[in-house]
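First up is the structure itself, then whatever we jot down about it.
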Amino acid sequence: MKLKAFLYGLFLVLPFFLASCGDDDLKKADAVSINKTILSRDRTLGVDIIYSDSARIKAKGVAPILDKVTPANGSTYQEMIKGVNIDFYNPNGTIDGNLVCDYAIRRDNELKTEFRKNVVVKSSKGDTFSSQELIWDESKKIFYSNQRVYVKGIDGSVGEGINFKAPQDFSTYEMDSGNGELNMKEGVAP
């Protein structure tokens, strides 16, 4: 008898529960699941990165953590969440520059690497460039930034400016809205 009463009560209450689950809820659930970003993340620890061209090493870097991320849309990128330290090599195979930063991200499809947070570059001439962001465009072979960039020359000259642009060897550079102090040699004609 108790089982019969239980089943009778279940059949009375069940329609109320089912009525509360309308079609709108299911449509909302589909919309939410479509907006989910599905990605894969492969993590590598203690990475040595070598950039070469025509079998010559151009740069060698070390990153404590390298995450290769592949989102659902397929635009793969590599993220170095603990930064990177890169040595640049001249054609003779000796180090002639260095770049360090606290974070970097390389977008494979764009051939661009963004270096962020405490970016410091030492050029082959001994000049030091520092900023919160520098972007390397591999196809154009330039570094650029819209952030403020500070430059300290080996001769003691200092400067700063925005809209920075330099070839990837930092042999020259240009920037807008700059100011600074230049050390000039006496007796040298312009």
Give me the pairs, please: first residue somewhere in segment 168-184 and of a type in the set (Val, Ile, Thr) and modelled with pLDDT of 85 or more, second residue anywhere and surrounded by 11 or more Cβ atoms within 10 Å (Cβ to Cβ) and part of a strand (DSSP E or B), beta-carbon distance under 9 Å, and either six or more positions apart or on two chains. 172/166
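Residue by residue through segment 108-129, note down the ones that are among the hydroxyl-bearing types (Ser, Thr, Tyr) and either surrounded by fewer than 18 Cβ atoms within 10 Å (Cβ to Cβ) or at positive phi (or both). Write out each step before concluding.
Within segment 108-129, the subset among the hydroxyl-bearing types (Ser, Thr, Tyr) is 113, 123-124, 128.
Across segment 108-129, the qualifying residues are 124, 128.
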With the requirement that a residue be out of contact with any Ser or Thr (no Cβ under 9 Å at 6 or more places or on another chain), surrounded by 13 or more Cβ atoms within 10 Å (Cβ to Cβ) and not β-branched (Val, Ile, Thr), what does segment 136-154 give you? 140, 143, 144
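The values are calculated or read from the model by the stated rules, or taken from the named source; none is laboratory data. A quick note: this is a predicted structure, and the numbers were derived from the prediction, not measured. Neighbour counts are summed over all protein chains in view; Cβ atoms, including those assigned to glycine, are modelled from backbone coordinates with ideal geometry.
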